[in-house]
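Encoded as structure tokens, the structure appears first; notes follow it.
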Amino acid sequence: MKLTPIEQWIMQKTGMKERNRKALYAWQLEKIKGTIAYAKENSIFYGEKLEGVEERSIYTLESFQDIPFTFPRDIGRNPLDFLCVPQKKVARIVTLRTSGTSGEDKRIFFTEEDLDLTVDFFKYGMSCLTDERDKVLVLLPGSAYGSIGDLLKKALALSHIECIVHGVLSDPEKAARCIEEMGITCIVGIPIQVLCLSRVKSGVFRNNIKKVLLSTDYVPDAIINELTQKFGCKVFNHYGMTEMGYGGGVECEALSGYHMREGDIYFEIVDPDTGKVVENGQYGEVVFTTLTRQAMPLIRYRTGDIASFSASDCACGTFLNTMKKVLGRIENRIPLGENRFLHLRELDEIILPFEEILDYKAYLKDGYKFVLELTAENDAAFDRVKGRVMREMEDLLSNQPGCRPDVAVIPAAECAPVIINSMIKRKIIDCRKER
Ligand SMILES: [Zn+2]
């Protein structure tokens, strides 16, 4: 099994002499101190928030745990307060829409150098699964300068790998034609979209696609299993978010968790309630600190994503940490009773195995009504699957003590294999007025 290329990237970037975590932590600690000093000096937010924090007093990564967290709502309140460079140095701005009632839109800023760092990470990240013989189709947004597709294409070009940035999947016919005409072997995309394409165009998929990289906050096992078993694809997961500069971590050939972008980002996992760092092997909220970011460094940023660091070493032989597959967002759940929740990932695992379903949305409405809106290929397909989905839901909920929502399964307004969501993270949509 090939050692993760992320290790080589980190060794080169840090100039470390020894291959071990201790040396990496020492390098990261120095970078953290540098980030704190830089952010305090150049950003209004950290100038105020970290006033009185002496970076020199941070002797160990343990003492760094006393530094206060940064929350997404802090960025929402005033993104410009995070900016550390003159506005003319900003090469890209991403606006992240927060749906629902809470929070304002977040804006994330990058300089040219910040974007280059992502390209450099993507180059190594993509070499986890591709080489010069591959041709890559990117089903992610890519028309804008500095968008994820644009950066991926630049990264692959550095490795002399051909890449077509198709954009978010809206027309499976067109995507399938592109795969055949260009001889595509590898797809990078959003899990539900890649699943949809593989179901609608299974022949083209089977004949061409060897490798898939899925990127999101949560990749359902149901999708990985189907692509692996039905088409013999190797399915790699990537974890990242815009705030990280898109890239965060990518799986090696062992396919048992991500190796992280530790040359640019320091990761912690904390108990979401107490904020205390948890042991490896325990689940908690992913928190990160940027080590090399110019425009908008983030210090102990709470992602809202649930994951754990593996307690054992990866089979690829790296000294790097392995983060177990992210379980999705803390908020993506509906209460079923005391300390018991129904998570979006549980819905994914029972709903997505039905091949008739191309996408679905879940709503929680007033009167504790829970609505599943299924997108099927046509009305007949919806009729075939509706009763079975209902039974699965009843099974799932019948094991739960406490209150049970009133479940309804309805067809999506447009029953077509066209995906509505773009890069919006999947979530249970809470429409309740009374809360
Ligand atoms: Zn590995």
Whichever residue in the range 280-316 is aromatic (Phe, Trp, Tyr) and part of a strand (DSSP E or B) and, among such residues, is surrounded by the most Cβ atoms within 10 Å (Cβ to Cβ): PHE288
Residues that are modelled with pLDDT under 80 and farther than 30 Å from LEU96 by Cα, drawn from the range 394-435: ASN399, GLN400, PRO401, GLY402, CYS403, ARG404
Of the conditions (1) touching a Gly at 6+ places or on another chain (Cβ under 7 Å); (2) more than 16 Å from the ligand (Cβ to nearest atom); (3) not in a loop (DSSP other than H, G, I, E, B), TYR246 satisfies every one except a single condition; which number is it? (3)
Residues located in the range 312-334, provided they are within 7 Å of the ligand (Cβ to nearest atom), within 24 Å of GLN28 (Cβ to Cβ) and of a type in the set (A, V, I, L, M, F, W, C): CYS314, CYS316
For the range 143-176, give me each residue that is more than 13 Å from LYS123 (Cα to Cα) and out of contact with any strand residue (DSSP E or B) (no Cβ under 9 Å at 6 or more places or on another chain). SER170, ASP171, PRO172, GLU173, LYS174, ALA176
Looking at PRO68 and the list (1) in contact (Cβ under 8 Å) with a residue 60 or more places away in the chain; (2) surrounded by 15 or more Cβ atoms within 10 Å (Cβ to Cβ); (3) not aromatic (Phe, Trp, Tyr), which single condition is not satisfied? (2)
Checking the structure you have, find out if any residue of the range 178-192 is modelled with pLDDT of 95 or more, closer than 26 Å to TRP9 by Cβ and over 21 Å from the mean Cα position of the chain (by Cα). yes
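Please go through the range 4-39 and give me each residue that is within 16 Å of the ligand (Cβ to nearest atom), assigned to a loop (DSSP other than H, G, I, E, B) and either among the charged types (D, E, K, R) or surrounded by fewer than 15 Cβ atoms within 10 Å (Cβ to Cβ) (or both), ordered by number.
First pass over the range 4-39, keeping only residues within 16 Å of the ligand (Cβ to nearest atom): 4-11, 19-21, 24.
Filter once more, keeping what is assigned to a loop (DSSP other than H, G, I, E, B): 4, 19-20.
Across the range 4-39, the qualifying residues are ARG19, ASN20.
For the range 40-148, list the strands (runs of 3 or more DSSP E) that sit wholly inside it and hold at least 1 residues that are out of contact with any helix residue (DSSP H, G or I) (no Cβ under 7 Å at 6 or more places or on another chain) and farther than 30 Å from GLU251 by Cα; which are they?
Numbers: elements: 90-96, 106-111, 135-139.
Here the list reads 90-96.
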Looking across the range 207-225 at residues that are outside any strand (DSSP E or B) and charged (D, E, K, R), the single one that is surrounded by the most Cβ atoms within 10 Å (Cβ to Cβ) is ASP217
Is it true that SER43 is in contact with a Phe, Trp or Tyr (Cβ under 7 Å, 6 or more places away or on another chain) and of a type in the set (Gly, Ala, Ser)? yes
Pairs please, first residue from the range 298-316 and free of Cβ contacts under 8 Å to residues at least 40 places away in the same chain and more than 21 Å from MET244 (Cα to Cα), second anywhere and more than 16 Å from the ligand (Cβ to nearest atom) and not in a strand (DSSP E or B), Cβ atoms under 6 Å, 6+ apart in sequence or on different chains. ALA311/GLY281
Can you tell which of GLU355, GLU253, GLU268, GLU262 is within 27 Å of LEU50 (Cα to Cα), among the charged types (D, E, K, R) and assigned to a loop (DSSP other than H, G, I, E, B)? GLU262
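Looking at the range 43-65, which of the residues that are acidic (Asp, Glu) and more than 29 Å from the chain's Cα centre (by Cα) is surrounded by the most Cβ atoms within 10 Å (Cβ to Cβ)? Outline the logic, then answer.
As a first pass, look at the range 43-65 and keep what is acidic (Asp, Glu): 48, 51, 54-55, 62.
Adding the requirement that they be more than 29 Å from the chain's Cα centre (by Cα) leaves 48, 51, 54-55.
Working: GLU48: 10, GLU51: 8, GLU54: 11, GLU55: 17.
Selected residue: GLU55.
The values are calculated or read from the model by the stated rules, or taken from the named source; none is laboratory data. Quantities reported herein were computed from a predicted structural model and do not represent experimental measurements. Cβ atoms come from the backbone with ideal geometry, glycine included; neighbour counts cover every protein chain shown.
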